[in-house]
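A quick write-up on the structure given underneath.
The values are calculated or read from the model by the stated rules, or taken from the named source; none is laboratory data. Just so you know, these numbers come straight off a predicted model, no measurement behind them. Quick reminder, even Gly has a Cβ in these numbers, built from the backbone with ideal geometry, and neighbours come from all protein chains shown.
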Amino acid sequence: MAAMNRLLKPSPISSSAVASLRRCLSTATASESDARLKSPSYSHGSLHPRADPKGRNVQWVFLGCPGVGKGTYGSRLCALLGVPHIATGDLVREELSSSGPLSHQLAEIVNQGKLVSDEIIISLLSKRLESGEAKGESGFILDGFPRTIRQAEILDEVTDIGLVVNLKLPESVLVEKCLGRRICSECGKNFNVASINVKGENGGPGISMAPLLPPPQCVSKLFTRSDDTEAVVKERLRVYYEKSQPLEEYYRNQGKLLEFDLPGGIPESWPRLLEALNLDLDGHEEKHSAAA
Ligand code: ADP
């Protein structure tokens, strides 16, 4: 229990952890911020429609509540832009499924819907960036990081983020999406068995999302994330409003926030998101078979 409290407690970040993150990020990329300064077409980190999206080495962040689709849209954009999709939730899950010393404590924290300490997240992120660097990766879309103002300040100390995309959906949709989420243990893809139909409030448009069903070969291998229960999803949402929502103001003040209200499922939202980012798909789109 003492170990878990230590992990939960907001600990001061050691200067070596920040130095390690700085080292990884300084080699990750320099080109997008340079391009932003040079390009008159750059607005909110969007790309010139005729620019080859793969040459930009973007350094973007995806913000948004649990279940909103950060992983889905983040990974699609990464395939389009040729940068890695780095989701700290995945790094945490990899660590807790290993037999490493942290796995037991991390499982408890995640299953309570709490945040793990900044120190641990920074260390997992540094390791991930380091292994990417060894493979020649550059640029990134971060999903699930930063999640606290402190994490955002650390990120600002070590690199220049070009754009922060804030994905939004009504809370009732978020809960249904988390409860309907299924993951294939073999291919790792996310599916969703929920059929969502939420009426619009105060004259606003409603939202419908068709289920995203797995192909036959995945059906027998589906599992549900242990933190996708109603009580834990509600706690994750509470923690999000308390610790992560202030990041919207933080990045708005930096002029980097792009707000995006998802109009529905992937077929409606994906083209609109590309439009909002001024991304031209002609000749660049890659095929995607599955998403959350
Ligand atoms: P969500 O669907 O809630 O966005 P994620 O898959 O991003 O969930 O993260 C799963 C869990 O991993 C979180 O509930 C939290 O315990 C931990 N986690 C992920 N990223 C961070 C972070 N940046 N800081 C602290 N904890 C994190």
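Here are the numbers for this structure:
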| read-out | value |
| --- | --- |
| Options LEU179, LEU167; residue that is over 15 Å from the mean Cα position of the chain (by Cα) and within 16 Å of the ligand (Cβ to nearest atom) | LEU179 |
| Selection from the stretch 64-122 of residues that are assigned to a loop (DSSP other than H, G, I, E, B) and under 24 Å from PHE191 (Cβ atoms) | GLY64, CYS65, PRO66, GLY67, VAL68, GLY69, PRO84, GLY113 |
| Qualifying positions in the stretch 134-190 - of a type in the set (Lys, Arg) and touching a Lys or Arg at 6+ places or on another chain (Cβ under 7 Å) | ARG147, ARG181 |
| Positions within the stretch 60-85 being surrounded by 22 or more Cβ atoms within 10 Å (Cβ to Cβ) and hydrophobic (A, V, I, L, M, F, W, C), in sequence order | TRP60, VAL61, PHE62, LEU63, CYS65, VAL68, LEU77, LEU81, VAL83 |
| ASP160, sole failed condition from (1) more than 22 Å from ARG56 (Cβ to Cβ); (2) more than 9 Å from the ligand (Cβ to nearest atom); (3) surrounded by fewer than 17 Cβ atoms within 10 Å (Cβ to Cβ) | (1) |
| Qualifying residue in the stretch 167-187 (condition: in a helix (DSSP H, G or I), of a type in the set (A, V, I, L, M), surrounded by fewer than 18 Cβ atoms within 10 Å (Cβ to Cβ) and on the phi < 0 side of the Ramachandran plot) | yes |
| Qualifying residue in the stretch 227-238 (condition: of a type in the set (S, T, N, Q), modelled with pLDDT of 95 or more and away from the ligand (no atom under 16 Å from the Cβ)) | no |
| Matching residues in the stretch 225-234 - criterion: being assigned to a helix (DSSP H, G or I) and crowded, with 17+ Cβ neighbours inside 10 Å | VAL232, VAL233 |
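Yes or no, residue by residue, for (1) within 13 Å of the ligand (Cβ to nearest atom); (2) among the β-branched types (Val, Ile, Thr); (3) within 23 Å of VAL18 (Cβ to Cβ); (4) touching a residue at least 24 places away in the same chain (Cβ under 8 Å):
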{"residue": "PRO84", "(1), (2), (3), (4)": "no, no, yes, yes"}
{"residue": "LEU91", "(1), (2), (3), (4)": "yes, no, yes, yes"}
{"residue": "GLU108", "(1), (2), (3), (4)": "yes, no, no, yes"}
{"residue": "LEU124", "(1), (2), (3), (4)": "yes, no, yes, yes"}
{"residue": "GLU130", "(1), (2), (3), (4)": "no, no, yes, yes"}
